[in-house]
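Report on the following structure.
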Amino acid sequence: MKAHEHALDQGMALGFRDLTAARHMAKKWKKDADQKLAGEHGEDDSVHHEKSYVDVGGQTNVEAVMNLLNNCLGSGVLCVPVMVKNCGIGAAVVMLTTSAVINRFGLSLILNCMHITNVEASYNGVGRVTFGDKGRLAVVAIFIAMGFGCLVSYVDATASAIGGLLQVFGFVDDATKYTLILQLGCTTLLYPATYVRSLKNAVPISITSFVCALIVVGCVVTQCAIGIAKTGIPWATLRFVPDSAGVFLSCLPTALTVFSIQAGGSITMSSLADPSEENKSKVSLIAYIIVLVVNISIGLPSYMRFGDDTTPNIIDALPADNVLTIVAKVACLGLVIPSYMFMMIPCRVALIELIWKKNEAKQEATFQQFALITTCVNIVAVFVATLVSDLSLVIGLVGAVAANSVAFILPCAFYLKARASPKCDDVVATPFKDASSGPYLILIAFSFFSMFSGIYFLLSK
């Protein structure tokens, strides 16, 4: 069972392009298995009792911060400007900052759960220890939902980028007229790599994807800065607060999503060379500050530049024939195509484990089973994308369902259950009815409210 749990956690880390952490934890899990096997054969493994990742080449702080940034900087960042437009500048800044704070809290909470339950770097392992198989399956289901939602967003982003390039070079007059054709056509770019079973040379791809994300952000911010310098900021027409509570609630899921890194981030933080709580806190603080700055840097200037013309995918608002726009669209493809391949991994691992009880990390499934799951997920992802071509809507729905669950609901529930019957000696048992459970229950209630209200207002727009 632990091997299957590790496969899914490693798959989620790979899905968020965190290959370094996945590699380190694979080594750690293999070492633990070797130690257990040695113990069963009566061999002396006393030198291995200390819980330390230093001796297996854990991540440096710089590597960890880069991997956490890789977790965050995806297609969601392209939707931040429209969230700022709808929510207003003042409310958006408060919302993004608050989201960063509580998402960081959610990440630290799941790490704390791993310590209390004595589980080594496994989110769904925590679910199993706290709530049995139901807890593990809840994590698996949410991982599938989050991964699948990301796949759909990558299809929409790819179609948008290709359409923009075709329009610039005169192949189509208006790319929006051909959205369905573009979504179906982008399968030729997205599908092939998902059938590659071995990712031995995936690190350079992950790095390239990360660099492309930075290029996209840089191109957007630069164009907005140049435009603002020429025309100024139309303060009188800008919105600082949302027009209604419904608009605010529809924006909240996007703000939660762009900071939601608990699924892949937990394994990143668990593979640090220095696993002390102080160092984990420092690494997560640095990463979240950088992500907050990036989101505000692309969200505010974009809205100040385009105002009510800010689009769900901000690249679509840029002047089509500008060199920086072309670079941004090409870089966007460099971001989303590899991301699609990586995000297929946790979806496939989870489904193969659920259906056939096989560990895809060890390639236990037959190639026919591997290909069947991959093909089905690919087809369904594109089909859903044809129904929901608004990138911001896809990201919002992912945030409403998956981000609320993986970042707040599950960590809080697991923590309250775990601390009631801790598995480690240095934690004092705290009953569920203790007054200190209040804040966690409030966060769970808030998350459910955010989930259902977000879905309602997003779909009613």
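Side notes on the structure shown:
- Out of Ala320, Ala402, one residue alone is under 30 Å from Ile226 (Cβ atoms) and at pLDDT below 95. It is Ala320.
- Unique match (being within 22 Å of Lys282 (Cα to Cα) and touching a Gly at 6+ places or on another chain (Cβ under 7 Å)) among Leu111, Leu107, Leu96: Leu107
- Check on Ala236, assigned to a helix (DSSP H, G or I), at pLDDT 90 or above and out of contact with any strand residue (DSSP E or B) (no Cβ under 9 Å at 6 or more places or on another chain): yes
- Each residue in region 416-442 was checked for being in contact (Cβ under 8 Å) with a residue 60 or more places away in the chain and either surrounded by fewer than 22 Cβ atoms within 10 Å (Cβ to Cβ) or within 24 Å of Cys150 (Cβ to Cβ) (or both), and 5 pass.
- When restricted to residues that are part of a loop (DSSP other than H, G, I, E, B) and either under 13 Å from Cys113 (Cβ atoms) or aliphatic (A, V, I, L, M) (or both), region 400-429 contains 7.
- Within region 355-379, the residues that satisfy the criterion of being among the hydrophobic types (A, V, I, L, M, F, W, C), farther than 19 Å from Cys150 by Cα and surrounded by 14 or more Cβ atoms within 10 Å (Cβ to Cβ) are Trp356, Ala361, Ala365, Phe370, Ala371, Leu372.
- Condition broken by Gly307, with the remaining ones in (1) small (Gly, Ala, Ser); (2) assigned to a helix (DSSP H, G or I); (3) over 20 Å from the mean Cα position of the chain (by Cα); (4) on the phi < 0 side of the Ramachandran plot satisfied: (4)
- So Tyr178, is it touching a residue at least 12 places away in the same chain (Cβ under 8 Å), buried (at least 24 other Cβ atoms within 10 Å of the Cβ), in a helix (DSSP H, G or I) and among the aromatic types (Phe, Trp, Tyr): no
- Flag for Asn86 being surrounded by fewer than 24 Cβ atoms within 10 Å (Cβ to Cβ) and within 21 Å of Leu214 (Cα to Cα): no
- Flag for Met269 being hydrophobic (A, V, I, L, M, F, W, C), touching a residue at least 12 places away in the same chain (Cβ under 8 Å) and under 30 Å from Leu111 (Cβ atoms): yes
- Condition check for Asn279: assigned to a helix (DSSP H, G or I), in contact (Cβ under 8 Å) with a residue 40 or more places away in the chain and surrounded by fewer than 20 Cβ atoms within 10 Å (Cβ to Cβ): yes
- The single condition among (1) free of Cβ contacts under 8 Å to residues at least 60 places away in the same chain; (2) in contact with a Pro (Cβ under 8 Å, 6 or more places away or on another chain); (3) among the hydrophobic types (A, V, I, L, M, F, W, C) that Val398 does not satisfy is (1).
- In region 30-140, counting only helices (runs of 4 or more DSSP H) that sit wholly within it, the ones holding 3 or more residues that are at pLDDT below 90 and either more than 23 Å from Ile409 (Cα to Cα) or among the charged types (D, E, K, R) (or both) span 61-72.
The values are calculated or read from the model by the stated rules, or taken from the named source; none is laboratory data. All figures in this text were calculated on a predicted structure; none of them were measured in a lab. Reconstructed Cβ throughout: ideal geometry from the backbone, glycine too, with neighbour counts over all protein chains shown.
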